[in-house]
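Take a look at the structure below.
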Amino acid sequence: MPRREITSGNWAFAEAMRQINPDVVAAYPITPSTDIPMKFADFVANGKVDTNFVTVESEHSAITACVTASAAGARVMTASSANGVALMHEIFPIAGCFRTPIVFGLVNRCIGAPINIHCDHSDSMAERDAGWVHLYCEDAQEAYDTAILAIRLAEHKDVLSPVFVCQDGFITSHGFEPVEILDDAAVKAFVGERDADFPLLDVDHPVTYGSFAMSEYYFEIKRQQIEAMKNVLKVYDGVAKEFEAVSGRFYPKLDRYRTEDADFIVVVMSSASGVVKDVVDELREQGIKAGCLRVRMFRPFPADEVAEILGTAKAVAVLDRALSIGGTAPLAAEIKSALYDCGKNIPVQSCVYGLGGRDFFPQYARELFMDLAAGKVSREERYLGLLE
Amino acid sequence: MTNRGNSAEMGKPKRWQDVPMGGIAFGSSAEAVETGQWRSMRPVWDGEKCISCLLCWNQCPDRSILTDGNGKVTGIDTFYCKGCGICAHICPKKAIEMRPESEFTGPGAGAKGE
Ligand code: SF4
Ligand code: SF4
């Protein structure tokens, strides 16, 4: 029988790791993800898992050990945040290219400087072109569930790509809330054993990872990674349905909330979507056709589905918890591009909020919907909650 | 989408679908690489001093310490030896001496060496 616990996003993720019992975890602590390897180290010390837990001297070494272990054929998990993620940057594309299905608990925290430990999405957004799947979770339950689901997605033979399971630093990672924990046996049966295609440790069929590929073949190998991402879009729903059969919870790529007949839709990711959904309910009572689209899968970006959902709206606002300094914020850029390709000239207001952990209040969402309804949409990026 | 086979036998892939996944090369070639060519210092073993404690054999990163199969050191295989000097450093009997490779291979080689 599944059990209910009051737990945090980090602890729930660590609990999923205990149940998954990966072969190798290599990690280095950084706030706010520290709880994950810390809790997991307890499991290792108390003999609750068989994992080879590799403590290293930096994040760069942590992810390097992960890639190598995964290439060797192991099932591998780790976690990090912020500048720790940035220090791993060099190795992420190698993990993507080597097709190592690592599942990574990424607890979103802003990239310094200025140094700040709180949430925004600047750490993961900086890694959006690395050949990793990006899944963004709204709450602790989703972080727990997604850790388990992501193992099957990453190791799917048509995918074989690493996955970031993102949750909002502190807001989700340290907030305590009820989470339903599945039976150990159910998780074990769902994830099964990893069946690696070309494990380095298969000495009877030796392979070489990391060999040179100059101008003759580099391009082709990148093209294969693009195909793997396209395959994510094809196989994801199947994996999510299988997970639903075990858990009773289905997680779509795009979480649509009252968007079917909505005139005005706010697009958002992760924990702030709860606030937007509340405001949607409030405005619906006032007769305003508001809706919320939460983007859970950012890489690969489900552009066709996004266009279908937003295509009937009168105006759209996109909330980014990250910047592209000097350009369009990452989520807004994707949304505009998806709408352009489907030939819909829908006004899109790009908004940045919550940088460095700044709170996001219902009032911001309320005002935004009102502006959309009043046709106040401009090409200028807006900054919600900025002192100005 | 992936190609499994022997890189040497499969010929040049003509389409991206035929390139082995992730740039993996099938087979392994490290054994054929003479890393000894990278060496600038050569370990010279003295069978008179050696007590076959096997510390060097255990620590050599390039499995270059030769034994007779019965736990007796018989010499050093210079095919892989990169001249790191770990064996000389670790030897309790100072039975291994690191000497410049030029003594063995450069002009005038052999003058001071073997
Ligand atoms: S010098 Fe280094 S590589 Fe050469 S035999 Fe000694 S330990 Fe091995
Ligand atoms: S460490 Fe020195 S004494 Fe021991 S086996 Fe090697 S050469 Fe001989």
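Observations, loosely collected:
- Residues located in the range B:31-85, provided they are open to solvent by 70 Å² or more (accessible area, probe 1.4 Å), near ligand 1 (Cβ under 7 Å from one of its atoms) and not in a loop (DSSP other than H, G, I, E, B): B:Q59
- Selected residue (only one of B:T78, B:T74, B:T67, B:T35 is under 30 Å from A:A95 (Cα atoms) and away from chain A (no Cβ under 14 Å)): B:T35
- Cross-chain or 6+ apart pairs with Cβ under 6 Å, the range B:8-37 first and at positive phi, then surrounded by 13 or more Cβ atoms within 10 Å (Cβ to Cβ) and not hydroxyl-bearing (S, T, Y): B:G22/A:C97; B:G22/A:F98; B:G22/A:R99; B:G23/A:A213; B:G23/A:I221; B:G27/A:P206
- Condition check for A:N116: surrounded by fewer than 22 Cβ atoms within 10 Å (Cβ to Cβ), not assigned by TED's automatic domain parsing to the domain that holds A:P300 and not small (G, A, S): yes
- Qualifying residue in the range A:243-250 (condition: farther than 24 Å from A:D158 by Cα, without any contact (Cβ under 8 Å) to a residue 24 or more places away in the chain and away from chain B (no Cβ under 11 Å)): yes
- Of residues in the range B:91-102 being near ligand 2 (Cβ under 9 Å from one of its atoms) and surrounded by 15 or more Cβ atoms within 10 Å (Cβ to Cβ), the one farthest from the other protein chains (Cβ to nearest Cβ): B:A95
- When residues of the range B:8-30 are limited to those that are open to solvent by 60 Å² or more (accessible area, probe 1.4 Å) and assigned to a loop (DSSP other than H, G, I, E, B), the one farthest from the other protein chains (Cβ to nearest Cβ): B:E9
- Residue match in the range A:154-177 (condition: away from chain B (no Cβ under 14 Å), over 28 Å from A:G248 (Cβ atoms), open to solvent by 30 Å² or more (accessible area, probe 1.4 Å) and in a loop (DSSP other than H, G, I, E, B)): yes
- Looking across A:V67, A:V49, one residue alone is over 19 Å from A:S161 (Cα atoms) and open to solvent by less than 40 Å² (accessible area, probe 1.4 Å). It is A:V49.
- Looking across the range A:334-357, the residues that are open to solvent by 10 Å² or more (accessible area, probe 1.4 Å) and in contact (Cβ under 8 Å) with a residue 60 or more places away in the chain come down to A:L355, A:G356, A:G357.
- Residues located in the range A:299-333, provided they are open to solvent by 40 Å² or more (accessible area, probe 1.4 Å) and among the acidic types (D, E): A:D304, A:E305, A:E308
- In the range A:283-383, counting only strands (runs of 3 or more DSSP E) that sit wholly within it, the ones holding 2 or more residues that are closer than 18 Å to A:D261 by Cα span A:290-295, A:315-320.
- When A:A140, A:A130, A:A147 are checked against the criterion of being in contact with a Gly (Cβ under 9 Å, 6 or more places away or on another chain), closer than 16 Å to A:A240 by Cα and among the hydrophobic types (A, V, I, L, M, F, W, C), a single residue qualifies: A:A147.
- Residues in the range A:205-242 that are more than 11 Å from chain B (Cβ to nearest Cβ) and open to solvent by less than 70 Å² (accessible area, probe 1.4 Å): 9 in all.
- Being within 13 Å of chain B (Cβ to nearest Cβ), closer than 24 Å to A:D23 by Cβ and either more than 18 Å from the chain's Cα centre (by Cα) or aromatic (F, W, Y) (or both) holds for only one residue in A:D195, A:D202, A:D184, and it is A:D202.
- Looking only at the range A:83-102, and only at residues there that are in a loop (DSSP other than H, G, I, E, B) and out of contact with any Pro (no Cβ under 9 Å at 6 or more places or on another chain), the one that is nearest to the other protein chains (Cβ to nearest Cβ): A:I91
The values are calculated or read from the model by the stated rules, or taken from the named source; none is laboratory data. Just so we're clear, the structure is a prediction, and the values are computed from it rather than from any experiment. Positions of Cβ are generated from backbone atoms using ideal geometry, with glycine treated the same way; all protein chains shown enter the neighbour counts. Side chains included, ligands, DNA and RNA excluded: accessible areas come from the protein's heavy atoms. Shrake-Rupley method; radii C 1.70, N 1.55, O 1.52, S 1.80 Å.
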